[in-house]
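A short worksheet on the structure shown next.
The values are calculated or read from the model by the stated rules, or taken from the named source; none is laboratory data. Every value quoted in this text rests on a predicted model; they were computed, and no experiment measured them. Cβ atoms come from the backbone with ideal geometry, glycine included; neighbour counts cover every protein chain shown. The area values use the complete protein model at the heavy-atom level, side chains included, leaving out ligands, DNA and RNA. Shrake-Rupley method; radii C 1.70, N 1.55, O 1.52, S 1.80 Å.
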Amino acid sequence: MGGWAIAVHGGAGVDPNLPLQRQEEAKRLLTRCLNLGISALRSNLPAIDVVELVVRELESDPLFNSGRGSALTEKGTVEMEASIMDGTKRRCGAVSGVTTVKNPVSLARLVMDKSPHSYLAFSGAEDFARQQGVQMVENDYFITEENVGMLKLAKEANSIMFDYRIPLPSTCSAGAAAAAAHNPIRMNGLPISVYAPETVGCTVVDRQGRCAAATSTGGLMNKKIGRSGDSPLIGSGTYAGKLCGVSCTGEGEAIIRATLARDVAAVMEYKGLGLQAAVDFVIKERLDEGKAGLIAVSNKGEVACGFNANGMFRGCATEDGFMEVGIW
Amino acid sequence: MGWAIALHGGAGDIPRSLSPDRHLPREAALRHCLQLGVSALQSHAHPLDVVELVVRELENHPQFNAGKGSVLTTDGTVEMEACIMDGKTMRCGAVSGLTTVVNAVSVARLVMDKTPHIYLGFQGAEAFAREHGLETVDPSHFITPGNIERLKQAKEANRVQIDYTQPIKQDEKSEVLAANGGSGDSQIGTVGCVAVDRDGNLATATSTGGLVNKMVGRIGDTPVIGAGTYANSYCAVSATGRGEAVIRATVARDVAALMEYKGLSLQEAAAYVVGERVPQGTAGLVAVSASGEVTMPFNTTGMFRACATEDGYTEIGIWPTEQE
């Protein structure tokens, strides 16, 4: 027991028919990010720096729904949100409605470190970013062709959908409907074949037993302008305290109602459960009809994950040599 | 078991020397809002409707920091946020960054009732409120002379404050007070209401203008479910104080979690959170339990508060009572 541990995720809720090629791509990215975090931990970088580093990498890659490659709002724009928390003193930072900042998780970090506040949004967040001299880009930097196609599909279906990553044989709604009929699994009201996971996250405990967590997302495809999910909400999508660090993903509203991330820690603190037992408990008892997943680490160097959705892109590793990347 | 209701008009460093013309109107407002809530509960209104009703009333009152009378951002503007939650179903709604909507808590209610989402902010929230025909006014409607003065003070002191005169050196303090005709006072962060009916249905709502001189776009604990606002089948909680501290301590959620996971009573759980989980001088809360209990702890100098239970107990206060 003891030593560092790290977990990363690229979202919960995966189509069982996801093409193998996409599965491999995702696993490669998760592995790369995990290794990035592992090197940093081996060089004794503190947990809070490691989670930021890893989530930046996930944001920069267009594969998952965060930073570049974010899902699009109803207006075809990108609005990102992120949060980060340092378990040692429970300091935290969060941002929402970010449209021109290349790495939202780093902006959240700056809110935590360089502002008197914990949560900044929209133009206030962008002004702060400018003052801090962070890297700013045009909103189109974040928009990918694939997502433009998906938004069109979502509008045709006239429903909110998770970021859709699976290339359909055709881009018309008949194709979507056929695919939908094929598979009864649903998430956020949509057939799993037209849903793909949102959010990326990382949680880490370093050799000194310090826990940290960070989460970042573009949110729901075709979401209303101004809609925020669980990712920037401390206690819902992200939490870190003395005992553990947690990052969640899935149906945002369900995660918020469950204050999922905080509950893992609360159950450990107030009920005395161990990490895995706590994770299992909240996934089983707290998610009512919602579908979600989470990754967690404990200050004892353990790592755990849980999900009640169909699959979760994830990877984890501990100092004693354990390493695993998976989807199902 | 019977109904119970509690409401607050903010916790903070409310000086005992506060002049009568500064606290009597607020006490009267608390009494009025309490009566509104009690009548509603007696007429079997659902707690969600009760808390929304009461918070709307508090928002409309210019001497509390919500709706009209909201404190100002560093740009001299008003940005309001609110949240509402139903304990039985755990449905909730939250909004931030409102500038023209008269009653933020009602927008939060609509987000909860009419969208598949929980949280809308800024332009999106404003547009949504308009689409649904909620009352909007010119932003200047919310700005009061007292708050313009408060912002000026804060800028001079170069501080962000929970809309109260910070504990500062004694002579500095009296200088500030003197300079402002004794207005270095207590219109402090946030209003909120919690209620439970005879059937154990719980609800909570919170609303605020935030921190004086806050950065534009700053969001506090009020709309963060689990921080400033939370309700489940055990209890309903509305917190107030230094937003950043309330967020880190997930105050509202923790009261319920302590009851559920550690078997503490409402009062024990609330006292523990306020006493041990947040720094002294930063928070207070009101809470009711499914069985009709009520508690209103705070670790600040004072908290504008009022409560009533079906068995006839009533309390309206600002500072700690003798026993506390």
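Close Cβ contacts (under 7 Å, 6 or more residues apart or on different chains) running from residues in segment A:261-275 that are at the interface with chain B (Cβ under 7 Å from one of its Cβ atoms) to residues that are among the small types (Gly, Ala, Ser) and open to solvent by less than 10 Å² (accessible area, probe 1.4 Å) comprise A:Arg262/A:Gly235; A:Arg262/B:Gly226; A:Ala266/B:Ala257; A:Val267/A:Ala278; A:Tyr270/B:Ala257.
Which ones in segment A:114-134 are open to solvent by 60 Å² or more (accessible area, probe 1.4 Å) and either within 7 Å of chain B (Cβ to nearest Cβ) or under 16 Å from A:Ile225 (Cα atoms) (or both)? Listed by number, the residues that qualify are A:Pro116, A:Ser123, A:Asp127. Return a yes/no flag: does segment A:33-42 have any residue that is at pLDDT 95 or above, among the charged types (D, E, K, R) and within 14 Å of the chain's Cα centre (by Cα). Scanning segment A:33-42 turns up no residue that is at pLDDT 95 or above, among the charged types (D, E, K, R) and within 14 Å of the chain's Cα centre (by Cα).
Residues in segment B:128-141 that are small (Gly, Ala, Ser) and within 12 Å of chain A (Cβ to nearest Cβ): 1 in all.
Checked against (1) more than 21 Å from A:Ile84 (Cα to Cα); (2) assigned to a helix (DSSP H, G or I); (3) open to solvent by less than 10 Å² (accessible area, probe 1.4 Å), A:Tyr270 passes all but condition (3). Does A:Val98 satisfy being over 18 Å from the mean Cα position of the chain (by Cα) and modelled with pLDDT of 95 or more? No, not satisfied. Can we say B:Gly243 is over 20 Å from B:Arg91 (Cα atoms), buried (at least 24 other Cβ atoms within 10 Å of the Cβ) and in contact with a Gly (Cβ under 6 Å, 6 or more places away or on another chain)? Spelling it out, B:Gly243 is indeed over 20 Å from B:Arg91 (Cα atoms), buried (at least 24 other Cβ atoms within 10 Å of the Cβ) and in contact with a Gly (Cβ under 6 Å, 6 or more places away or on another chain). Taking B:Glu244 as the residue in question, decide whether it is within 22 Å of B:Leu30 (Cα to Cα) and of a type in the set (D, E, K, R). No; evaluated as a whole, the condition is false for this residue.
Criterion applied to A:Leu58, A:Leu30, A:Leu18 was being part of a loop (DSSP other than H, G, I, E, B), among the hydrophobic types (A, V, I, L, M, F, W, C), open to solvent by less than 20 Å² (accessible area, probe 1.4 Å) and in contact (Cβ under 8 Å) with a residue 60 or more places away in the chain, and the one residue passing it is A:Leu18. B:Gln35 satisfies every condition listed in (1) closer than 27 Å to B:Gly2 by Cα; (2) surrounded by fewer than 24 Cβ atoms within 10 Å (Cβ to Cβ); (3) touching a helix residue (DSSP H, G or I) at 6+ places or on another chain (Cβ under 6 Å) except (3). If the condition is being among the basic types (Lys, Arg) and more than 10 Å from chain A (Cβ to nearest Cβ), then segment B:198-230 contributes only B:Arg198.
Rundown of residues vs (1) modelled with pLDDT of 95 or more; (2) of a type outside the set (Phe, Trp, Tyr); (3) more than 17 Å from the chain's Cα centre (by Cα), yes/no style:
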{"residue": "B:Met259", "(1), (2), (3)": "yes, yes, yes"}
{"residue": "B:Gly263", "(1), (2), (3)": "yes, yes, yes"}
{"residue": "B:Ala271", "(1), (2), (3)": "yes, yes, yes"}
{"residue": "B:Ala290", "(1), (2), (3)": "yes, yes, yes"}
{"residue": "B:Val294", "(1), (2), (3)": "yes, yes, no"}
{"residue": "B:Phe298", "(1), (2), (3)": "yes, no, no"}
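For segment B:42-65, filtering for residues that are open to solvent by less than 10 Å² (accessible area, probe 1.4 Å) and not in a loop (DSSP other than H, G, I, E, B) leaves 9.
Across segment A:68-98, the qualifying residues are those that are within 13 Å of A:Met150 (Cα to Cα) and crowded, with 24+ Cβ neighbours inside 10 Å, and the one among them that is farthest from the other protein chains (Cβ to nearest Cβ) is A:Ser70.
For segment A:304-326, a tally of residues being of a type in the set (Gly, Ala, Ser) and part of a loop (DSSP other than H, G, I, E, B) returns 3. If only residues of segment A:1-56 that are aliphatic (A, V, I, L, M) and touching a Lys or Arg at 6+ places or on another chain (Cβ under 6 Å) are counted, the one that is nearest to A:Thr238 (Cα to Cα) is A:Ala47. Just one residue in the set A:Ser231, A:Ser247 is in contact with a strand residue (DSSP E or B) (Cβ under 8 Å, 6 or more places away or on another chain), more than 10 Å from chain B (Cβ to nearest Cβ) and under 20 Å from B:Met85 (Cβ atoms); that residue is A:Ser231. Please specify each residue of segment A:194-223 satisfying the condition of being modelled with pLDDT under 90 and either of a type outside the set (Ser, Thr, Tyr) or open to solvent by 10 Å² or more (accessible area, probe 1.4 Å) (or both). Those that are modelled with pLDDT under 90 and either of a type outside the set (Ser, Thr, Tyr) or open to solvent by 10 Å² or more (accessible area, probe 1.4 Å) (or both): A:Val194, A:Ala196, A:Pro197, A:Glu198, A:Leu220, A:Met221, A:Asn222, A:Lys223.
I'd like to verify a number: residues in segment A:99-113 that are assigned to a helix (DSSP H, G or I), open to solvent by 10 Å² or more (accessible area, probe 1.4 Å) and of a type outside the set (Ser, Thr, Tyr), how many? Talk me through it step by step, then tell me what you get.
Step one: filter segment A:99-113 for residues assigned to a helix (DSSP H, G or I), giving A:104-113.
With the extra rule that they be open to solvent by 10 Å² or more (accessible area, probe 1.4 Å), the set shrinks to A:106, A:109-110, A:112-113.
In the following step, the residues that additionally are of a type outside the set (Ser, Thr, Tyr) were identified as A:109-110, A:112-113.
Residues meeting the conditions: 4.
Residues that are open to solvent by 10 Å² or more (accessible area, probe 1.4 Å), in contact (Cβ under 8 Å) with a residue 60 or more places away in the chain and aliphatic (A, V, I, L, M) within segment A:39-55 comprise A:Leu45, A:Ile48, listed in sequence order. Of the residues examined, B:Ala125 is not one that is buried (at least 24 other Cβ atoms within 10 Å of the Cβ), more than 7 Å from chain A (Cβ to nearest Cβ), under 21 Å from the mean Cα position of the chain (by Cα) and within 23 Å of A:Val95 (Cβ to Cβ).
If we keep just the residues of segment A:251-260 that are part of a helix (DSSP H, G or I) and within 9 Å of chain B (Cβ to nearest Cβ), which is nearest to A:Phe307 (Cα to Cα)? Looking at the filtered set, the residue picked out is A:Gly252.
When restricted to residues that are in contact with a His (Cβ under 7 Å, 6 or more places away or on another chain) and open to solvent by less than 10 Å² (accessible area, probe 1.4 Å), segment A:294-328 contains 2. It is to be established whether one or more residues within segment B:253-264 are out of contact with any helix residue (DSSP H, G or I) (no Cβ under 7 Å at 6 or more places or on another chain) and β-branched (Val, Ile, Thr). Among the residues of segment B:253-264, not one is out of contact with any helix residue (DSSP H, G or I) (no Cβ under 7 Å at 6 or more places or on another chain) and β-branched (Val, Ile, Thr), which makes the answer no.
Residues of segment B:66-88 that are in a loop (DSSP other than H, G, I, E, B) and closer than 30 Å to B:Ala257 by Cα: B:Ala66, B:Gly87, B:Lys88.
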